[in-house]
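The structure under discussion appears below in the form of structure tokens.
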Amino acid sequence: TPSHAPAETLTVLGAGLVGTLLSLYLARRGHAVQLFERRPDPRLEGSQEGRSINLALSDRGWRALEGVGVADDIRQVGIPMTGRMMHDTQGTLTRQPYGEAGQAIYSVNRGHLNRCLLDLAEAQPRVRLRFGQQCLRTDLRKQELHLLDTETQQTRTEPYTRLFGTDGAFSAVRGALQKTDRFDYSQDFLEYGYKELTIAAGPGGAWQMEKNALHIWPRGQYLMIALPNLDGSFNCTLFFPYEGAESFAALQTPADVAAFFERVFPDAVPLMPTLTQEFFEHPTGSMVTIKCFPWKYDDDVLLIGDASHAILPFYGQGMNSGFEDCSVLNQLLEEHGDDDWATVFTEFQTQRKPNADAMADLALYNFTEMRDRVGDPRFLLQKKIESRIAGQFPGRWTPLYSQVTFSHTPYAEAWAAGQTQDAIMARLMPHIHTEADFDQPAVQELVQQEMANKR
Ligand code: FAD
């Protein structure tokens, strides 16, 4: 609860996942909020989602949703995925749990989540939602947004006193900051694109593969994944090079696509009746890592979510980290008060920037893990040994995936601990050839030594 109800109206640009949640947080603190969004209201238009239809929601995201009291509603329409299910080229399945019993990440429909948050924001008397408002330009000096009303095609200027840029990876607000002195900016496109495809529901809406898992077809240089939907279907994503022998460029005809899928994903093909049609109708999405700094301009503009840190999708943490931004900002307002924006913005970017950078690295790390290492028996053995170590040294070894996904440990700390653990495993694994080797006295001695040296 806020200490006092501030008089100024806060402006949020971008009613995506992060902007809507942020508006809810700010309104609950007593602020009046106006939220501008380029698209029409997705609740009216039969939603057109440009990007992944479902997202993996994990602990950081849940905590942020709990903070505004919506976690339970969302959980009811999420599907828990308790592990990875790997599919090899023979169709043989291998399961690897994500964490301990009871731990799961959740497959959640993006559109549903966004609409749910918008409904809640609209129900707040202090939030004013404005759709069809595209920001063309931000004037930082005059503190004005130049907005285009996409319906009337009229442009106008809209003054702001405090502006939150939650307008995603290609943020217009960040565009203005990029023109200021000593603003650091980088963007790196991956040489891979992604294509959304569908595994159909079976008769009566039955799931044709294990429902409570994230399915992975690791193929070394590329991969396909699938997340379950409530209607029995799965949303698949093929992550594939743009160029090369096996690439989007190489698959030009429906026959090329069918032959390729039958060769490399044979167990999936019979479940994908719309494969070739979707392959050519659905756009190929690109993936980018964006880093920048500072995230604020004076004490009147702050970038949040993908606008300040767009990452690759392979750890399922883009939205989760943006949601965590909202909880962190809320916590800082709690500590410093709702009117000391200068301190709050400075603290926010100082705290969050190293974590956002670590998360960007982690996302790239998980790309190689998912496309390549999860299909390797040695890697799966290593995971088993790691869980044996975790069992033997309670509280002293948390697998990296669990630290990122099932904890609130800052990403930078999780990443550093993960790298230390990886180095230990690299020294231990040459002595281990089967799970039983872990109990060999010589191996146990090495493990004890390593754990004694681990901080
Ligand atoms: P966005 O979702 O991009 O929202 C920005 C909003 O601003 C949009 O509504 C847009 O219309 C609006 N806007 C933009 N420009 C303007 C303008 N000029 N004027 C007015 N409005 C504007 N994350 C996870 O946590 N888990 C996952 O499993 C996951 N999977 C992913 C899979 C893929 C293939 C991709 C590409 C991403 C995935 N992500 C995932 C990342 C996640 O989608 C993003 O991190 C998240 O959407 C960021 O939210 P945001 O609100 O910051 O930005």
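Odds and ends about this structure:
- Taking the criterion of being over 25 Å from Pro42 (Cβ atoms) and in contact (Cβ under 8 Å) with a residue 40 or more places away in the chain, the residues of region 131-175 that qualify are Leu140, Gln143, Thr161, Arg162.
- Residue check for Ile74: within 12 Å of the ligand (Cβ to nearest atom), β-branched (Val, Ile, Thr) and at pLDDT below 95: no
- Residue tally, condition within 36 Å of the chain's Cα centre (by Cα) and under 14 Å from Arg396 (Cα atoms), over region 433-455: 7
- Among the candidates Arg174, Arg182, residue that is more than 16 Å from the ligand (Cβ to nearest atom) and either farther than 30 Å from Pro270 by Cα or hydroxyl-bearing (Ser, Thr, Tyr) (or both): Arg182
Here's the yes/no breakdown for (1) of a type outside the set (Asp, Glu); (2) surrounded by 20 or more Cβ atoms within 10 Å (Cβ to Cβ); (3) within 12 Å of the ligand (Cβ to nearest atom); (4) within 30 Å of Asn229 (Cα to Cα):
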site	(1), (2), (3), (4)
Pro125	yes, no, no, no
Phe164	yes, yes, yes, no
Ala200	yes, no, no, yes
Gly204	yes, no, no, yes
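- Failed criterion for Leu177 (all others in (1) of a type in the set (A, V, I, L, M, F, W, C); (2) over 30 Å from Ile74 (Cβ atoms); (3) outside the structural domain of Leu26 (by TED's automatic domain parsing) hold): (3)
- Condition check for Arg141: away from the ligand (no atom under 16 Å from the Cβ) and buried (at least 18 other Cβ atoms within 10 Å of the Cβ): no
- Taking the listed residues Ser286, Ser327, the one that is within 16 Å of the ligand (Cβ to nearest atom), surrounded by fewer than 16 Cβ atoms within 10 Å (Cβ to Cβ) and modelled with pLDDT of 95 or more is Ser286, with no other qualifying.
- Scoring Ala250 on the criteria (1) closer than 30 Å to Thr92 by Cβ; (2) outside any loop (DSSP other than H, G, I, E, B) leaves a single failure, condition (2).
- Residues of region 400-445 satisfying the condition of being β-branched (Val, Ile, Thr) and surrounded by fewer than 18 Cβ atoms within 10 Å (Cβ to Cβ): Thr409, Thr420, Thr434, Val443
- All of Asp306, Asp267, Asp298, Asp231 fail the test of being in contact with a helix residue (DSSP H, G or I) (Cβ under 7 Å, 6 or more places away or on another chain) and surrounded by fewer than 23 Cβ atoms within 10 Å (Cβ to Cβ), apart from Asp231.
- Restricted to region 143-246, the set of strands (runs of 3 or more DSSP E) holding at least 2 residues that are over 27 Å from the mean Cα position of the chain (by Cα) comprises 144-149, 155-159.
- Residue count for region 417-432 under the criterion of being touching a residue at least 12 places away in the same chain (Cβ under 8 Å) and either within 16 Å of Ala358 (Cα to Cα) or under 35 Å from the mean Cα position of the chain (by Cα) (or both): the result is 11.
- Every test in (1) assigned to a helix (DSSP H, G or I); (2) away from the ligand (no atom under 14 Å from the Cβ); (3) acidic (Asp, Glu) is passed by Asp339 save one, and that test is (1).
The values are calculated or read from the model by the stated rules, or taken from the named source; none is laboratory data. All of these numbers come straight from a predicted model, not from anything done at the bench. For neighbour counting, all protein chains shown are included, and Cβ atoms are generated from backbone atoms with ideal geometry for every residue, glycine included.
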